[in-house]
Amino acid sequence: MAQKPHINIMTAGHVDAGKSTLVGRLLFDTGAIREEEMRKLKEIATEVKKETFEFAFVMDKLKEERERGVTIDIMHRPFETQKWYFTIIDAPGHRDFVKNMITGASQADAAILVISGKPGEGIQEQTKEHVWLMKVLGINQLMVAVNKMDAANYDQKRFEEIKTEATKLLQGVGYKTDEIAFIPISGYQGENIAKKSDKMPWYNGPTLLETLDQKIKEPEKLLTKPLRLPVQDVYSITGVGTVPVGRVETGVMKINDKIVFEPEGVVGEVKSVEIHHQQLPQAVPGDNVGFNVRGVDKSQIKKGDVVGHPDSPPTVAKEFTAQIVVLQHPTVITAGYTPVFHAHTAAVACTIEEIIAKIDPKTGQVVQEKPDFIKTGDAARIKVKPLKPLVIEKQSEFPQMARFAIRDMGMTVAAGVCIDVVKAK
């Protein structure tokens with residue numbers, strides 16, 4: 001593995017904005033995928049009558065995704081620029097898959113918001129939803145790729161139109177847009193991705209790859225904090241044993257460490273750690289790793305568990321106080337409402353026991369104490385009780401472990417952060 005700093009970057013945007021194609025093109029143009037792999041994908045694309053989808057197929061590995069032409073799972077693929085070693089998280093834009101998108105956002109250091117420049121497309125419902133979520137989930141490093149410029153005849157006016165609209169949207173949720181780069185691209189044609197496009201002489205800014213190197217700042221490595229690693233999956237590998245997979249959010253996990261999985265309280269020992277099939281002596285924040293644990297059976301742990309060291313174990317909440325923003329709800333939210341909370345990799349039904357106060361989202365000031373209900377657009381402080389054991393941390397201590405989204409009726413109803421926790425006994 002190159003000694004470049006590691007950055008997790010995600011793509012976000014509406015379902016047909018061309019995110020997967022852009023990612024495939026990035027990987028191809030940076031040499032992360034070889035010519036022959038690309039040729040094979042082109043043949044598959046033609047076979048399933050999805051011409052022009054070959055770049056998307058790089059990430060869309062699942063057969064179902066190829067036939068439907070949508071991204072369902074989150075794929076991780078590494079690529080390098082002059083400055084960084086990136087893991088790209090291609091998050092689904094499709095409405096049903098917003099919860100995967102949340103898992104993606106909770107792991108990302110930076111994001112590329114992809115907006116289609118094709119006439120009639122532009123900023124759509126999910127573009128807005130993803131922008132809200134990225135902000136609430138704490139992704140502050142952002143760039144905007146205005147894609148499909150080939151379908152807009154590389155027209156400067158169309159690019160400016162989208163830039164103006166996107167600026168308004170981003171400012172509305174509190175992003176500082178003067179720091180955000182807007183790049184007109186064509187993922188499929190490869191314009192302004194790795195090399196400057198001659199089709200858009202009116203644009204004199206950097207290419208997408210140059211922007212990644214110029215704009216992204218390395219996130220502070222939270223090495224001195226206690227270990228927190230949310231489990232994304234658990235495998236049982238013949239001849240190896242139990243191998244959980246996840247991303248280190250804070251702290252360091254070394255070989256031979258004694259670790260505990262909460263909320264179960266199961267203790268084991270780390271035998272080996274690897275990233276993209278390379279053995280490492282330790283895992284640090286930002287690393288997506290698989291690690292072999294001795295003394296723990298696959299059946300004892302699951303997705304949503306959090307790994308820590310026994311001397312400062314992850315916090316299991318009996319109840320917690322949170323600050324939320326209601327993104328969309330068909331009626332109103334009152335005390336007693338029990339939707340599903342998605343925090344890091346866990347999904348647990350929780351009851352909103354009390355609405356403590358309605359607050360002004362921009363200033364954080366209390367607007368109304370103990371309101372009877374809250375509705376779309378409101379921000380509030382609430383008291384929450386998980387129906388099953390859930391690990392969640394205070395934002396002041398572990399911001400990465402404090403964010404969550406609330407889902408119900410197949411949509412993201414609200415998003416928020418945990419500000420205080422009462423520990424379970």
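So which strands (runs of 3 or more DSSP E) are wholly in the range 177-253 and hold at least 2 residues that are free of Cβ contacts under 8 Å to residues at least 60 places away in the same chain and touching a helix residue (DSSP H, G or I) at 6+ places or on another chain (Cβ under 6 Å)?
Hits in the range 177-253: 182-184.
Tell me, which strands (runs of 3 or more DSSP E) lie completely within the range 332-415 with 2 or more residues that are in contact with a Gly (Cβ under 8 Å, 6 or more places away or on another chain)?
It comes to 346-359, 403-408.
Of everything in the range 7-38 that's in a loop (DSSP other than H, G, I, E, B) and on the phi < 0 side of the Ramachandran plot, which residue is surrounded by the most Cβ atoms within 10 Å (Cβ to Cβ)?
Just the residues of the range 7-38 that are in a loop (DSSP other than H, G, I, E, B), to begin with: 14-18, 30-34.
Right, trim to on the phi < 0 side of the Ramachandran plot and you get 14-17, 30, 32-34.
Values: His14: 24, Val15: 18, Asp16: 17, Ala17: 30, Thr30: 17, Ala32: 17, Ile33: 19, Arg34: 10.
Per the criteria, the residue is Ala17.
Just the residues that are charged (D, E, K, R) and closer than 23 Å to Ile139 by Cβ, please, taken from the range 194-238.
Result: Glu210, Asp213, Lys215, Lys217, Glu218, Glu220, Lys221, Lys225, Arg228, Asp233.
Could you tell me whether the range 413-422 includes any residue that is of a type in the set (Val, Ile, Thr) and surrounded by 24 or more Cβ atoms within 10 Å (Cβ to Cβ)? Outline the logic, then answer.
Pass one, the range 413-422, residues of a type in the set (Val, Ile, Thr): 413, 417, 419, 421-422.
Next, from what is left, pick out any that are surrounded by 24 or more Cβ atoms within 10 Å (Cβ to Cβ): none.
No, because not a single residue in the range 413-422 is of a type in the set (Val, Ile, Thr) and surrounded by 24 or more Cβ atoms within 10 Å (Cβ to Cβ).
Only one of (1) more than 18 Å from Val231 (Cα to Cα); (2) among the charged types (D, E, K, R); (3) surrounded by fewer than 14 Cβ atoms within 10 Å (Cβ to Cβ); (4) modelled with pLDDT of 90 or more fails for Asp297. Which number is that?
Evaluating Asp297 over (1) more than 18 Å from Val231 (Cα to Cα); (2) among the charged types (D, E, K, R); (3) surrounded by fewer than 14 Cβ atoms within 10 Å (Cβ to Cβ); (4) modelled with pLDDT of 90 or more leaves (1) as the failure.
Quickly run through the range 313-343 and pick out the residues that are more than 25 Å from Pro371 (Cα to Cα) and modelled with pLDDT under 95.
Applying the first criterion (more than 25 Å from Pro371 (Cα to Cα)) to the range 313-343 yields 313-316, 343.
The one that is more than 25 Å from Pro371 (Cα to Cα) and modelled with pLDDT under 95: Ala343.
Looking at (1) within 30 Å of Tyr85 (Cα to Cα); (2) touching a strand residue (DSSP E or B) at 6+ places or on another chain (Cβ under 8 Å); (3) outside the structural domain of Val413 (by TED's automatic domain parsing), which is the only condition His277 fails?
(2)
Tell me, which residue of the range 282-299 that is out of contact with any Gly (no Cβ under 9 Å at 6 or more places or on another chain) and free of Cβ contacts under 8 Å to residues at least 40 places away in the same chain is nearest to Asn256 (Cα to Cα)?
Across the range 282-299, the extreme among qualifying residues is Gln282.
Under 7 Å between Cβ atoms, at least 6 apart or on separate chains: pull out the pairs that start in the range 374-385 with a residue that is in the same structural domain as Glu353 (by TED's automatic domain parsing) and end on any residue that is among the aromatic types (Phe, Trp, Tyr).
As it stands, the answer is Val384/Phe320, since those pairs meet every condition given.
Go through the range 292-316 and count every residue that is part of a strand (DSSP E or B) and closer than 15 Å to Glu249 by Cα.
Summing the residues that are part of a strand (DSSP E or B) and closer than 15 Å to Glu249 by Cα in the range 292-316 gives 3.
If we scan the range 190-204, do we find a residue that is in the same structural domain as Ile88 (by TED's automatic domain parsing) and of a type in the set (Asp, Glu)? So that I can check it myself, show each step before the final result.
Looking only at the range 190-204, we keep the residues that are in the same structural domain as Ile88 (by TED's automatic domain parsing), and these are 190-204.
Filter once more, keeping what is of a type in the set (Asp, Glu): 191, 198.
Among the residues of the range 190-204, at least one is in the same structural domain as Ile88 (by TED's automatic domain parsing) and of a type in the set (Asp, Glu), which makes the answer yes.
Could you figure out which of (1) surrounded by fewer than 19 Cβ atoms within 10 Å (Cβ to Cβ); (2) at negative phi isn't true of Asn153?
Looking at each condition in turn, Asn153 falls short on (2).
Test Val273 against the criterion of being assigned to a strand (DSSP E or B) and either polar (S, T, N, Q) or in contact (Cβ under 8 Å) with a residue 24 or more places away in the chain (or both), and give yes or no.
No.
Check Glu249, Glu191 and return the single one that is within 19 Å of Asn147 (Cβ to Cβ), buried (at least 16 other Cβ atoms within 10 Å of the Cβ) and of a type in the set (Asp, Glu).
Glu191 is the lone residue from the list that is within 19 Å of Asn147 (Cβ to Cβ), buried (at least 16 other Cβ atoms within 10 Å of the Cβ) and of a type in the set (Asp, Glu).
Run down Val367, Val284 and say which single residue is at negative phi and assigned by TED's automatic domain parsing to the domain that holds Ile237.
Within the list Val367, Val284, the selection yields Val284.
The values are calculated or read from the model by the stated rules, or taken from the named source; none is laboratory data. Keep in mind that this is a model prediction, so the values were computed, not measured. Here the Cβ is made from the backbone with ideal geometry for all residues, glycine too, and neighbour counts use every protein chain on show.
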